[in-house]
Structure formats: C-alpha cells, structure tokens
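Student: Pasting in a structure now, in structure tokens, and then I'll have a few things to ask.
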C-alpha cells in the first residue's frame, strides 16, 4: 500500500536504458505533453539552482516529517543513472538532505534528488553541480528515529512514482514517466519536438498561431467577436 | 465590464512614445513612488530570471484557468513596443506560455509578458532573453476551449490595467502607469531620481537620514525615547 | 517586554570579535547543528541574491507593518561589523528597505540586513553586493508614522534575537547565536566541520553512512525489513 | 486613480433601491452567474460567522496596512442600507474592525462590512448579528496615523468597487454589481432562479443533467468514451 | 494511467457492504491509525459545515480546472451508498458543485462529495444536510468544455483513490480504505476503539499515559531529564 | 536556551490566581491592547470550535514535527487551572492531540490547549467542551520517538511563552501575559473596558468616533480633504 513504512526493496526493475537516454533529450514540458498532460509534480517543486536538469531512473524513498534516516538506507540501493525521489507522510520543509548525502549519492552513481521536503547546503550543491528539486531550502536539521521505506510506490508532490520509473526534471518542474510507458513517450516527445521546430520557424517568420493551427473559425464559434476600437466596444458595454 | 469574455478590440490608443521612453529610464520602485504609491501589482509577480527589465505599452488579455487560447488571439494584435498583460477569471498556475508563444510574440514586436498565472520553458525564455513576470513556473499544459477577451480593461495581480497603459517591470515587481498619467509620472520619476542621487551621495559620506530628512523632532514627538544602555532599559521594563 | 515600542538603546554589548570571526568560517546549517539544532529563523527568509553570506553582530529593530521609520533610527546606532535585524508587529511584505538605506548602512559599517518583511531595489543591492535576507522582494513603498524600537529583544521569523547576538546568514537561511554562547558554538562548529571533512572523504570513496554511522542494527530494531525484490514485496502487500 | 489617498467624497450616487431590494432575494452564486460570471471577490473573503448574508450599497474605504483611521471617517458617510467595503494598499490581516465600530456603523444604518484585512471581536459581532466578511479574524490592534480615502473607487480582494455599487455577500463569498447594471442583473438573477427551480424538481425526480442539458452528444464529440468495466479499461491502459 | 482523460467506466466493483457498514462506526482518525497511518488526504480538505460525516464507496472523477462537466457524467454512474471523489489536473478553487448537483446526486443515492477544488451554495448544502469536503467555498462558476474521466484511479488531495474504495470523512478530514483492505481495516478499527475505550476510562480517572503506556524508561533513555524547578534549570542553561 | 530539548521542569511559579481570575473577565483583543499591543500569537491560531474561551496559566511544551511524546510528559505536570501551550522545532500540522489526551488533561485539571501544530478528534473535543487553539485540524497520526522539553520557555506562533505566564484565548486568537505583568495588565484591561462601555453607549446613540476621539483636526493635518461629490473629485483626478 502507498505510504507503508518498514520495507526496503533491494532489487527493482528499471526503465530500459535506451528510453531513458532518449527522454534525456527533451524538457519536462515536452514530455508532460507527449504523455497526454499527465505525470507532472506540483509546481512548488523547484530546482535549488537555475539551469539544473536531470533524467534518470527512480529509487523511491518514503520518509517521515523531520526524519532523514531513509536517505541513508537509499544510498546503498542507488545505482549509476538513478535519481532518488522522496515523498513524506506529512508536509515538512526541514533540510533533510545536504552536501554529505550528496557526496554519498554521487559516489554511488546517483544523478540527483527530487524531495517533497527541504534540502540544505544549497551553495555546496550548486558548487558540486548536484541537482536537487525541493519544496524549500532550509538549514533545519533532522533526526534519525522512525523508519519509512525504500523502493515502494510513493506519492511525491502530487505524482505517483514507482521504483524504476523515469524521472525528468528541469527549470519547469518534475515529470514521471512510468517505466512501461517510456519507449512510447520517448517517441511521442521526439515527434512533438520535430513538429514544434517547424512551427517555431513559422512563428519566428511572423506567421500567427491563429493561422498555423486554424483557430479563427472555432474562436468565432465559441463566441469571440472582434470590434474595431475602444469606442466601438464602449458603445456596447459600460465600464 | 471588467472580466467580460468574448471581445477582441483591434485598435487601441497607446501611451505616447516619448513618455514610454522616459519611463524606461527608471525602476519600478521609483515609478511607483513617483505616482504616489499606486499602480503596483502584488508581490507574488516575479521575473522568470533575475535582472529582467521591460517597459512598454499594454495589450491586455483576459483568460480562464488552464486555457491559453487568448494568447494566440493577442499575438495578432501586438505591435512593436507592446507588453502583453494577462489576468484570469480565477487563480491558476498552469504554464500558459512557453517558448513557441515567446517566439511569436517577439516576431510581432512584443517586448515581454506579465501573466497572473504560470509560464513554462523557463530555460528557453532565459536563453532568448524574453522577459516574463509570472505567479509560477510550471510545465503544466493548458487547453484552448473557452474564449476570454483581448484589449479590454483587466485586473492583474491586484492592479487595474487598461489597454495602452505603460507597463514597467523589473526585479522589484510590476507597475502600471495609466496612459494619461505617463507624461506626469515620467517627469516626477526623473525629479525623484535626481533628488535621490544627491541624497545617496550624502548618505554614502556618512550623513544620516535622521538629519537629511530632519526626523529627530518628529520621532521624539511620536514617542521615541533614547536610553543609554541595556541596563538603563532593564530598569524600566522587565523582559 | 518583547514588542515594546518607543525605545532606542544607544549602547549595547556585542558578542566578542574573536568568536564572531570564528563563526564566519562556517555555514548556517553547521552552526545550527553545533548549537543543538536551535536558533534558526523560519525557512521563508531568503537571500535577495544567491551566494549572499554574512556574519556579524545584531542591531535589532522593531517596526510596524508598512512603516520603515525605525530603519533610519537604526542607521545611527550601527557600527562596523553589525548586521541589522528587523522584526515587525504583524505580517507585512512591503519594501521597507532599498538602495538608499543600503548606502547609509554600508557607510556606517553595517554588513547586511535580515528583515521579516519586504525589501526593494533588488538589482541595485545585488550590484552593490549588500546582502539582504527577506520575506519578499516588492517595490511597495512605506510610511514614516509610527515609532517602534531599536536594540530591544525582538522576534524575527520565529527566532528570538537580542542586540549584540551573532547573526549568520547564507543560502540556507539565517541563524542566531546568543552572544554568551558564541565561543562555545564557534568551537563546536569547528569540531563538527573537522569531523564532517573526514566523513565526506569516506562517503566520496563509496563507503555508506549506514556503516560509517553504524545504523544497520538500529534500523532493524526500529522495524526496517529488507525484501529481495518487488515480487517478494507484492506477495505481502496489495497495492 | 485607484489607490489615491487623502480624499473623502461626501455625496455619492447609489444603486436605485428597487434593484437593491430585488438583488437581496438572491445568493452570491446566482448573481455572479446572472452577471456573466464577473464581479466576484477572491475566495479568501469569508464570513465571520456561518449564515451571514447582506445586500446593500457600497461605501468604499481605502486604507493602509495596520491603520484603521479611515473606518472612522467612513462612519460619518454611511447611510441606511449601506455596506462598507475596505481595500488596502498592501496585504494585511490586522484586526482593523471590532464591536465598537460595529456599534457605530449600525447606529448610522450600515448593514455590514466587507474588509480585505482582519477583523476582531468575532464573538461580539456574532452576538450582535453584524455581518462581516474578512480575510482573517485576529485581535491585532491598529494605529491611526496615515490617511487613505473614502468613496473613491477601490480594489478589494480582486474586485473593482465604485461607491454606490451593490454589494451582496453570503456563505459563498462577495459579489459586486455595478450600480448601472443593477436592474439588468436583478432581472437576470430572477430569471435564472426561476429556471433553476424547474431544473431542481427534475433532478430531484431522478432525471439527469446529461439529458436535461442535452450533453451526451457534445461529450462524445469532445472525446468521452464509455467502457463497460474496469477490465475493459485495463486492456487499453496500463496503470 | 493516473490522470488520463476521456474515459467513463460504467460498472465498477465496490467494497463489500458489510465492511463499509462496519467502517461507518468509526472516525477518520481511528481508521487512519488502524490502517497503519496511511490513506489520509491532506489537511486542507475541510467539511463545508461542522459535524458532517460520511462513509461510502467511491465513484471517482477526474476534472480540469474551472470545468465541472464530469460531475454530470458521474451523476449517472452513482448508486445508493456512493460518495463522489473528485481530483483535478491542476490546482483550482472554483465552485464546481452546488445545490443543483447535490439534488441530482442525492436523487441517485449518493451520500456526499469529496472535491479537491471549490464548492458553492454552502448554506443550501448545510440546509439539505448534503455533506461536502472541499478545498474552498467559493461562488465562482465553471464551464463545461473539456472532458476528464469517471471511475478511473485518481489522486485527490494527496491520496490515491480507486473506484469502489471506501471513503470516510468527518471533521478531522478524509481517509481512503482500498476496497480489498476494508474487512481487515474495519476489524482493526473496532479493536483499536475497544482498547481506547479502556484507556479513556483510566485516563479519566487520572492515571497517566506515561504509566499506562510505560513510557518512563524509554523517555529517560532518549535523553529526557527532570529538574526540580526553574532555578535548577537556570543553573545549567543561560536563557 | 529557547528550543533546547531534553528537559522537564517539575515545579514552576505561576501567575498569582487573583490576576488570572481578573484577566478571565476580558477578551483577547482587550488584553492585547491593555498590554500595549504586544503578546499576541499569529492569526493562524484558531479555535477548534467557535465560542471557545479559556484563561489559565501556561505549562509549556516543546516538541518535534510529527511527534507528540512530550504531551504525555506534560500531562503529569499539569495542575488545576493550567493551559498547555505547545511550540515545535519546525512547521507541522499533524494531529498531535485528540480526545484521549484531552481526557487525560482534563482529569489533571487542565482547562485547554494551545498548539502550534494540528489536533484531531475535533467533534469529540467540541462535545467535551475541551477548548483547543491550533494551526490545523487533521487526523494525521504522530510518533513518540524524539524528546523535546516541558516547562522551558518556548516560541509558539510568534509569541514568547514562559511557564506560568497567563494564556487567554478566544475567537480572536491567543494572547500571552507574562506572569509578572499580570496584575498591571488586569487593571489596565478593566480600565479600558470601563472606558469602552461609555464610548459604546455614545456610538450606539449615533455620535461619531471622529468627534468622540477628536480626530477631525489631525485628519486634516495629515492631508485628508473632503470633496462634495464624485463630480468634484473627477475634476481633479482622472480614473
């Protein structure tokens, strides 16, 4: 069950590497659209420094407010290419993660962290180039007293994450691609990006979305009416 | 009426160019003060990247939560020197605007966007140098289903904006100067800045605001009492 | 009493310089831990620009919402090495402090400002390198109408601050070290950092916190159970 | 200009009494719909006690954070049937209004208060049956130091309010009907309510909105597909 | 996939009635504890009127911000004993649900609604005794333009809800019991309540939890030290 | 030091009973004013049911997020007439306190609880008439793993509380009167209330605060200008 404490799963199946590599070519917005506008975490998850970007396979962590014990358990289970993703049993912004754990995670091959709580040592993380997405940056220390879980399904910032899913994060937020969907989504993202490249050229040349997407008729049908100027509008509506 | 849907006004009167150019020399804080401390949007409107700055004439957009259709309608009505300003019918942080629309807006001559909702493609906007002030950065996609309006008066983040008003935005937020007030405010801002330059020199030389502004007497009248040290204070007040 | 208005204390005792200098070598997270996880301000206090860092002795300011009069009173009482710390009588995010006051504070020798309200002129503060930690950046102007106090004990963002206490602030937030505790905390912080340097090396070499800190037994005692894989886990728990 | 301080307008034109009386028969949701979904204040404006309801003509107040001076100025300008509506120059939740001012307002004939800030003496207001909609209930006291305005246009919780407009407030929030629109909106609200009464009967009898409003075809066109059961759905989508 | 639009599942399996009836005897806090502290929605979900309580089987609804179309689709699929549970694709507090839909839902046998958005007609809902838990009460109207889904798994206020799961809601919030867990959780809740009844008696008689739960030793081991009085404490710690 | 863990002080000095009894006659707003507008907790502290009121002596509790162990330690140290006041080491809204602890606290003579976190069993607390002021109502359970302190000074919702201080709470919030100040504040509150009773009579008779408090001259001096009507105002200011 989601939110069960006391379990660490040693071996998990991960999304296959080719799809992960393909997804790494795209941004969060593109992938979220390519999946059909699903899988996105809530907007309060922000990178600790601008320009941060990561794409990897999820090692999931379930932890309790103000308690970072499970991050140490997760360190052992991280492999090259993983991104740790932490959800909590209740809202909390304590600084559960800092430069020591980042050093450990990197030594194990992890590429980054997504944490629905706080992190600290922000300057050191930026200097190391170890990307973290969090709810807050705060020096507040945590205890090691209550066990949670590692590698069980979690909820993190409004997204359901299974171990081994693909995690993509950048300046626009964090999106989760279920491992079984990774090949399909990678293909759809590439197709979308190719199509957008053409649209971008046309827009840059001054063409309008109204014409490229053929919106004029549907706008009129939906009730949009053009008036010549403010005087024409004022005749009809009082301010 | 504020918040009416279904109207796009084709031609609007804009603040006259000389005043817009003059206002571009000043920051948001100075202009807000020069107007008599009015016209400021709420503090949650933040630039997508630090150092962003814009000054232009407003093309106003009224849109519905999770629906970015009207941004395409606005694109056609933007002219060189305009800043798009979008208000919504209810609170929303979806990413209504991204690099494709930015490409289109720039091609039409627009200088930037102020949006009381979310935007996305933050990294691309920073790379393009297309400045956006928003309530949030979030990849969340939007639909094109319900019409709003373009170039009617709107409320945006606690400010009333008429089409053609001057929009100034920087790291300190966003301020709106009604078009008819633009010459007066530009002059007042210049006067204020000139005066502040002199004050800055005196303060840099170690003079005190207490003396420059002559506050000592009014402080005493308002009840401020100096005591020599903590012991003197402790005698009177118990902690 | 905390929150008393109408008093300015001219002479205060400050933490002794050697301890302040020693504390300047450490970050907020380290010092907060070295004190026993106390003294931290709430997480909403953020630096106006990333990478800001300060360590100095507190000159405390108590002010009312939307009123920055007391900052001028404080300017006169600031000495070289001080950091101004401002608490308010109720929540407010108006821009009480900008580049003119920063110029004045710097001329008096102050190193920075911690303000449980808003500040403005963010771009200028960044250009000056005058570090400010605040609840918000907002251009909103303030009045000079109601007296507060200077150099009396205040509450600022959830921390109790006495005049002369040591204030350390960086990307992780703001921590207050009571002046009497400064020598002890400086020593404890140095010891902690030395110990962490060794741990960092071991972690970088791939050793696990589980082993370095000897957590395996206590985790098992607290109920953590390892299972081999997702199939093994699924047998026990239904999703 | 919106947000100008220093003006009190003695005589204002008010919405005509027949329309105000007619609007009093309807709830906020109905009136907001009858106007075309405009005029609503933001959702954080809540009644101090459940079941509160008011309909009257607006006397507008513009005040500064933590300063309730203008409420006293407004008292003199209130007439029988008025509702005071207060907007502020920046966000604040201090308790600007309590049972003394309520006593005064009632003696002048006012029916209630809408305040984009805090109020206090909640138990007394409930006992008096004097309805207040506010952002917060808080005992925090305020000063009388800075002038605002009375009976100039204001922004209050995201709505533009002119003196004399109709204010309707109940458990669902607060809506403003511009005085010139009052007759039209009152008629539209009555028509809507009559129509809803019939729909309510049909719904109570078990008929579906799908059929009453004829939505089945448009839902299908918009892409809704019915599947027989979870097994049928599971075949197509992986969880 | 969670968050897929465009599907309505006609027939779902529901938790078996005996377990639902058994769970109806317990409060949200008890059930949440009996499950092992899982299944709880976030704390912002509040009853529209105090004292509301419901226990039934979930019909799930996935909707878009500001769009209540799917509630009409759900009405047809509701059966006696159901509770509608609505999650959205992004944060929104518009009033998606009011007394007309409540009339329809009740006519179909539904017992209540849990909605991660706003509702309106609060006074009418209270009068009808139709219980709703929501994020907000707000009159804001919504459109019917974009399809979501009915009876697919959803995320609602931080809880994963499958169609047919048991929903229990009261003054303390909302908890979801997966249908397969219902018998086990009902039994555990009854056992917990029986045990608590005995504890309550002992506590009412003045016995201490310290003794009933045998906490004295573990507190001492965890570092709690008793001192006689404030003077004894002051000797060790400086304030 | 504020925020120190691991101490329980057995005997504390309490405010003398006569002052506590006298303070019980007044509301929070009156007492806060009588003290000079200090001592108030932040406005998010709300009673679990309307009409709750308490006045007693503080037993202070310092606890960690999601951990209610210290409430059991406090139970033993509570005496007749006490009010428990709990602050935490970081923000948390878990339901730390429910009907079992309320039963225990009442059996020990405690009159209520003020908790800067969540509580649960809201319906039972209302039925018992055991008043609680909290940041949230939420069923979320807590652990007993980390020790805090009892009867040391704490910060609770922005107020400094020493053991034995007087706690007064009602619908307007919570105020703390330092024990040494209790006699003075009780007298000042009585004087204030007597004066307000007279003012209330005059206001009820239609007299204006403007005249009773003699504000007309100071308003004019501060810049308030009366104009006859909207037309007169419009001449000067453009909308």
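The values are calculated or read from the model by the stated rules, or taken from the named source; none is laboratory data. None of the values given here were measured: they were computed from a predicted structure. All Cβ positions, even for glycine, are placed from backbone atoms using ideal geometry, and neighbour counts span all protein chains on display.
Student: Look through B:99, B:94, B:121 and report the one residue that is more than 18 Å from residue B:56 (Cα to Cα), surrounded by fewer than 24 Cβ atoms within 10 Å (Cβ to Cβ) and at pLDDT 95 or above.
Tutor: Result of the check over B:99, B:94, B:121: B:99.
Student: Okay, moving on. Identify all residues within region E:1-55 that are touching a strand residue (DSSP E or B) at 6+ places or on another chain (Cβ under 6 Å) and assigned to a helix (DSSP H, G or I); write none if there are none.
Tutor: Residues satisfying the conditions are E:20, E:23, E:28, E:31, E:32.
Student: Applying the selection to region D:89-114, what residues are closer than 20 Å to residue D:162 by Cβ, in contact with a strand residue (DSSP E or B) (Cβ under 6 Å, 6 or more places away or on another chain) and in contact (Cβ under 8 Å) with a residue 40 or more places away in the chain?
Tutor: Those that are closer than 20 Å to residue D:162 by Cβ, in contact with a strand residue (DSSP E or B) (Cβ under 6 Å, 6 or more places away or on another chain) and in contact (Cβ under 8 Å) with a residue 40 or more places away in the chain: D:110, D:111, D:112, D:114.
Student: In region A:121-145, which residues are part of a loop (DSSP other than H, G, I, E, B) and under 17 Å from residue F:90 (Cα atoms)?
Tutor: A:138, A:139, A:140, A:141, A:142, A:144, A:145
Student: Return the residue satisfying two criteria in turn: it lies in region C:184-225 and is outside any helix (DSSP H, G or I) and surrounded by fewer than 16 Cβ atoms within 10 Å (Cβ to Cβ), and of such residues it is farthest from the other protein chains (Cβ to nearest Cβ).
Tutor: Ranking the qualifying residues of region C:184-225, first place goes to C:214.
Student: Okay, next question. Run down B:48, B:38 and say which single residue is closer than 29 Å to residue D:157 by Cβ, touching a helix residue (DSSP H, G or I) at 6+ places or on another chain (Cβ under 8 Å) and without any contact (Cβ under 8 Å) to a residue 40 or more places away in the chain.
Tutor: B:38
Student: From A:227, A:166, which residue is over 30 Å from residue A:41 (Cβ atoms) and in contact with a strand residue (DSSP E or B) (Cβ under 9 Å, 6 or more places away or on another chain)?
Tutor: A:227 is the lone residue from the list that is over 30 Å from residue A:41 (Cβ atoms) and in contact with a strand residue (DSSP E or B) (Cβ under 9 Å, 6 or more places away or on another chain).
Student: Would you say residue B:59 is in contact with a strand residue (DSSP E or B) (Cβ under 7 Å, 6 or more places away or on another chain), more than 7 Å from every other protein chain (Cβ to nearest Cβ), part of a strand (DSSP E or B) and under 29 Å from residue D:65 (Cβ atoms)?
Tutor: For residue B:59, the condition - in contact with a strand residue (DSSP E or B) (Cβ under 7 Å, 6 or more places away or on another chain), more than 7 Å from every other protein chain (Cβ to nearest Cβ), part of a strand (DSSP E or B) and under 29 Å from residue D:65 (Cβ atoms) - is not met.
Student: Scan region D:210-228 and report the pairs whose first residue is within 14 Å of residue E:77 (Cβ to Cβ) and whose second residue is outside any strand (DSSP E or B) and at pLDDT below 95, with Cβ atoms within less than 6 Å and a gap of 6+ or a chain change.
Tutor: D:227/D:233
Student: If a residue has to be within 12 Å of chain E (Cβ to nearest Cβ) and not in a helix (DSSP H, G or I) to count, how many in region F:65-79 make the cut?
Tutor: Qualifying residue count for the region: 4.
Student: Exactly one condition in (1) over 13 Å from the mean Cα position of the chain (by Cα); (2) at pLDDT 95 or above is not met by residue E:56; state its number.
Tutor: (1)
Student: Go through region E:92-115 residue by residue and tally those that are more than 19 Å from residue E:152 (Cα to Cα) and not in a helix (DSSP H, G or I).
Tutor: Qualifying residue count for the region: 10.
Student: Only one of these conditions is not met by residue E:118: (1) assigned to a helix (DSSP H, G or I); (2) free of Cβ contacts under 8 Å to residues at least 40 places away in the same chain. Which number is it?
Tutor: Looking at each condition in turn, residue E:118 falls short on (1).
Student: Quick one: is residue C:8 touching a helix residue (DSSP H, G or I) at 6+ places or on another chain (Cβ under 8 Å) and within 14 Å of chain A (Cβ to nearest Cβ)?
Tutor: In short, no.
Student: For residue F:18, state whether it is surrounded by 24 or more Cβ atoms within 10 Å (Cβ to Cβ), within 30 Å of residue D:99 (Cα to Cα) and more than 14 Å from chain D (Cβ to nearest Cβ).
Tutor: Against the criterion (surrounded by 24 or more Cβ atoms within 10 Å (Cβ to Cβ), within 30 Å of residue D:99 (Cα to Cα) and more than 14 Å from chain D (Cβ to nearest Cβ)), residue F:18 does not qualify.
Student: Give region C:124-133 a look and list any residue that's touching a residue at least 12 places away in the same chain (Cβ under 8 Å), within 18 Å of the chain's Cα centre (by Cα) and surrounded by fewer than 23 Cβ atoms within 10 Å (Cβ to Cβ), or say none.
Tutor: Listed by number, the list holds a single entry, C:131.
Student: Quick one: residue B:234 ticks every box in (1) touching a helix residue (DSSP H, G or I) at 6+ places or on another chain (Cβ under 9 Å); (2) part of a helix (DSSP H, G or I); (3) exposed (fewer than 14 other Cβ atoms within 10 Å of the Cβ) except a single one, so which number is it?
Tutor: (1)
Student: Can you tell me which residues in region C:150-183 are in contact with a helix residue (DSSP H, G or I) (Cβ under 8 Å, 6 or more places away or on another chain) and either in a strand (DSSP E or B) or closer than 20 Å to residue A:94 by Cα (or both)?
Tutor: The answer is C:150, C:166, C:168, C:169, C:170, C:171, C:172, C:173, C:174, C:175, C:177.
Student: Related question: What single numbered condition from (1) without any contact (Cβ under 8 Å) to a residue 60 or more places away in the chain; (2) more than 7 Å from every other protein chain (Cβ to nearest Cβ) fails to hold for residue A:177?
Tutor: (1)
Student: Looking at (1) within 23 Å of residue E:95 (Cβ to Cβ); (2) within 12 Å of another protein chain (Cβ to nearest Cβ), can you tell me which one residue B:86 breaks?
Tutor: The number of the failed condition is (2).
Student: For residue E:2, only one of the following conditions fails: (1) within 7 Å of another protein chain (Cβ to nearest Cβ); (2) within 18 Å of residue E:174 (Cα to Cα). What is its number?
Tutor: The one condition residue E:2 does not meet is (2).
Student: Moving on to the next point. Applying the selection to region C:32-56, what residues are surrounded by fewer than 22 Cβ atoms within 10 Å (Cβ to Cβ) and more than 10 Å from every other protein chain (Cβ to nearest Cβ)?
Tutor: C:54
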